[in-house]
Amino acid sequence: MLEVECGAIPILSYIIFKNNYKITALDKTIVIKDFKFPIIKQKIENHFNFSQYNSVVAFRPCMATEIIIKECLTNKIPFCIYLCNCALYPQEDYQLFNAMDWSNKKWIQYLEDRIKKYNIHHMEIKIDYQTNLFDEMPIISAK
């Protein structure tokens, strides 16, 4: 399992590891080096090799969201992402971005379009709107 954009302290990775799962934490800002699981201290980019992992998790991965969706769907890797609420601009189709008219709703719609484009293996996609969470951003998962 890979946790992408885990932040300076990979606490989710630590919890997963403590529950006897293999996990690798990836983030360029990781400051602690003495965890008992692998750490990759780098920025996630399009050329990162996801294929060596059997699943991916991310909690508010910001700019990595689109990369995770694309790489996981094209490589048939199950994933779960809790989206952040920062209304990121599209990386692949930047011409769609209009700062005056961009919102979380449009960001989610854009991601839904990316999912349709990259879901070549017909993975089961779930977009779960958790209305009990403080920002009402969805959790996107594929299996």
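Inside segment 50-64, residues that are within 8 Å of the chain's Cα centre (by Cα) and surrounded by 18 or more Cβ atoms within 10 Å (Cβ to Cβ) make up a count of 5. Under the condition of being touching a helix residue (DSSP H, G or I) at 6+ places or on another chain (Cβ under 8 Å) and closer than 19 Å to Leu73 by Cα, the residues counted in segment 18-53 number 5. The residue pairs whose first member lies in segment 61-78 and is of a type in the set (A, V, I, L, M, F, W, C), whose second member is in a helix (DSSP H, G or I) and buried (at least 21 other Cβ atoms within 10 Å of the Cβ), and whose beta carbons are closer than 8 Å, counting only pairs six or more residues apart or on different chains, are Ile77/Glu71. Residue pairs whose Cβ atoms lie under 9 Å apart, sitting 6 or more positions apart in sequence or on different chains, and linking a residue in segment 18-35 that is farther than 14 Å from Gly7 by Cα to a partner that is at pLDDT 95 or above and of a type in the set (D, E, K, R), are Ile23/Glu3.
You will find that of Ile77, Ile67, Ile115, the residue that is modelled with pLDDT of 90 or more, within 16 Å of the chain's Cα centre (by Cα) and part of a loop (DSSP other than H, G, I, E, B) is Ile77 and no other. If you go through segment 94-110 and pick out every residue that is modelled with pLDDT of 60 or more and either exposed (fewer than 13 other Cβ atoms within 10 Å of the Cβ) or not hydrophobic (A, V, I, L, M, F, W, C) (or both), you end up with 7. Would it be correct to say that Tyr89 is surrounded by fewer than 20 Cβ atoms within 10 Å (Cβ to Cβ) and at pLDDT below 85? Yes; evaluated as a whole, the condition is true for this residue.
The values are calculated or read from the model by the stated rules, or taken from the named source; none is laboratory data. Small disclaimer: the values here were computed from a predicted structure and weren't measured. Note that we place each Cβ from the backbone using ideal geometry, even for glycine, and neighbour counts take in every protein chain shown.
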